[in-house]
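Encoded as structure tokens, the structure appears first; notes follow it.
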Amino acid sequence: MKTFTTMALAGAMLVAGAATAQERFITIGTGGQTGVYYVVGQSICRLVNRGTAQHNLRCTAPSTGGSIANINAIAAGDMDMGVAQSDWQFHAYNGSSNFAETPVPQLRAVFSVHPEPFTVVARADSGITTFEDLRGHRVNIGAPGSGQRATMEVVMNALGWTMDDFALASELAPAEQSAALGDNNVDAIIFTVGHPNGSIQEATSTVDARLIPVTGEAIDRLIAENPFYAAATIPGGMYANNPDDIPTFGVRATFVTSADVPDDVVYEVVKAVFDNFDRFRGLHPAFANLNEQEMISAGLSAPLHPGAERYYRERGWM
Ligand code: GLU
């Protein structure tokens with residue numbers, strides 16, 4: 001009897017060993033470590049990796065430069081999936097704006113996540129109270145490769161501004177910019193990001209700083225002319241010394257992949273998230289208001305990946 005048990009155990013271990021050998025690694029592109037994309041990727045991987053014994057997927061979500069870097073990595077086959085702003089998902093798939101020369105027709109939508117208001121924070125001592133006031137000041141316009149930088153350039157174009165309109169246009173990554181504001185190396189920072197988040201918390205708690213409204217004719221026109229922009233509000237009271245609602249415009253964070261990633265891989269990732277949705281929603285305060293129906297439609301312009309669609313149909317969501 002004892003021998004039999006030992007043999008059965010050895011057999012089970014052999015099977016487990018074989019399964020380990022077939023593990024498939026998937027990589028999710030995120031953003032800077034103080035942003036919300038990083039938490040999106042880490043959270044998805046945490047849920048996927050709980051089921052590795054069943055599906056053999058092993059997920060990692062390294063920090064990256066953000067939306068544009070993630071889409072480029074997916075296009076090159078260097079990453080399987082990534083988080084990207086809805087405006088850059090649209091442009092990449094359609095070959096417009098920054099992607100006019102390098103369209104990504106194989107880009108596929110999986111689901112959308114949290115809203116991302118275009119967020120401007122200025123030191124109180126800079127005298128900046130409107131977006132127009134950024135002119136002549138030291139502004140961190142963001143690092144190339146980030147969605148926030150690319151969207152800032154769209155706004156600058158809409159206003160007819162160039163880099164010369166600023167006393168200094170720095171290109172710090174999101175993880176560095178809040179400290180730069182606190183150290184008085186810049187007067188204002190820009191971040192297209194979900195709220196609340198640690199980065200803006202740091203910016204508003206280390207120095208007296210204000211969220212700045214982003215409104216006016218040029219912004220209204222951007223919203224009217226582009227399906228992926230919408231009016232947005234950053235709720236008052238979310239950050240220190242910022243009691244008032246702040247009007248701006250925004251996009252959505254979306255989760256994207258490539259048509260080249262197999263259906264069963266995307267299916268398992270989507271299943272890991274939505275089978276454990278309450279757990280997922282609890283992993284960051286910016287996820288608190290997420291709901292399934294909105295996530296499978298809002299902000300998605302590339303076609304849904306068939307692996308995701310299969311899961312949504314199984315659940316009766318479409
Ligand atoms: N929306 C930002 C970008 O695409 C990233 C925001 C975040 O890291 O949460 O660069």
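The values are calculated or read from the model by the stated rules, or taken from the named source; none is laboratory data. Quick caveat: nothing in here was measured; it's all calculated off a predicted structure. No Cβ is skipped: glycine too gets one built from the backbone with ideal geometry, and neighbour counts run over all protein chains shown.
For segment 157-175, what are the residues that are within 16 Å of the ligand (Cβ to nearest atom) and part of a helix (DSSP H, G or I)? P174, A175 - these are the residues of segment 157-175 that are within 16 Å of the ligand (Cβ to nearest atom) and part of a helix (DSSP H, G or I). Looking only at residues of segment 10-31 that are assigned to a loop (DSSP other than H, G, I, E, B) and modelled with pLDDT under 95, we find that the one that is surrounded by the fewest Cβ atoms within 10 Å (Cβ to Cβ) is Q22.
Within the option set E171, E225, being acidic (D, E), within 20 Å of G147 (Cβ to Cβ) and touching a residue at least 12 places away in the same chain (Cβ under 8 Å) holds for one residue only, E171. Which of (1) modelled with pLDDT under 95; (2) in a strand (DSSP E or B) does A231 not meet, given it meets every other one? With (1) modelled with pLDDT under 95; (2) in a strand (DSSP E or B) applied to A231, the lone miss is (1). If you check G35, G29 for being farther than 15 Å from M79 by Cβ, within 16 Å of the ligand (Cβ to nearest atom), in contact with a Phe, Trp or Tyr (Cβ under 9 Å, 6 or more places away or on another chain) and not β-branched (V, I, T), only one passes: G35.
Inclusion of P103 among residues that are within 16 Å of the ligand (Cβ to nearest atom) and within 22 Å of the chain's Cα centre (by Cα) is not warranted.
In segment 180-214, of all residues being surrounded by fewer than 16 Cβ atoms within 10 Å (Cβ to Cβ) and of a type in the set (S, T, Y), the one that is modelled with the lowest pLDDT corresponds to T206.
Every test in (1) under 30 Å from A75 (Cβ atoms); (2) surrounded by fewer than 16 Cβ atoms within 10 Å (Cβ to Cβ); (3) touching a strand residue (DSSP E or B) at 6+ places or on another chain (Cβ under 8 Å) is passed by T162 save one, and that test is (3). On inspection, F4 fails the criterion of being modelled with pLDDT of 95 or more and not aliphatic (A, V, I, L, M). Would you call A150 within 16 Å of the ligand (Cβ to nearest atom) and not basic (K, R)? Judged against the criteria, A150 is a match. Kindly establish whether L300 is touching a residue at least 40 places away in the same chain (Cβ under 8 Å), assigned to a loop (DSSP other than H, G, I, E, B) and surrounded by fewer than 21 Cβ atoms within 10 Å (Cβ to Cβ). Considered against the rule, which asks whether it is touching a residue at least 40 places away in the same chain (Cβ under 8 Å), assigned to a loop (DSSP other than H, G, I, E, B) and surrounded by fewer than 21 Cβ atoms within 10 Å (Cβ to Cβ), L300 comes out as no. Within segment 238-265, being charged (D, E, K, R) and surrounded by fewer than 20 Cβ atoms within 10 Å (Cβ to Cβ) holds for D244, D245, D260, D263, D264. Check segment 218-226 and report whether any residue there is in a helix (DSSP H, G or I), in contact with a helix residue (DSSP H, G or I) (Cβ under 6 Å, 6 or more places away or on another chain), away from the ligand (no atom under 16 Å from the Cβ) and not charged (D, E, K, R). Yes, because at least one residue in segment 218-226 is in a helix (DSSP H, G or I), in contact with a helix residue (DSSP H, G or I) (Cβ under 6 Å, 6 or more places away or on another chain), away from the ligand (no atom under 16 Å from the Cβ) and not charged (D, E, K, R). When V139 is tested against (1) farther than 21 Å from G250 by Cα; (2) assigned to a strand (DSSP E or B), just one condition goes unmet, and that condition is (1). Suppose the filter is within 19 Å of the chain's Cα centre (by Cα) and under 23 Å from A203 (Cβ atoms); does V120 pass it? So V120 passes the test. Restricting attention to segment 176-210 and to residues that are within 16 Å of the ligand (Cβ to nearest atom) and part of a strand (DSSP E or B), the residue that is farthest from the chain's Cα centre (by Cα) turns out to be I189.
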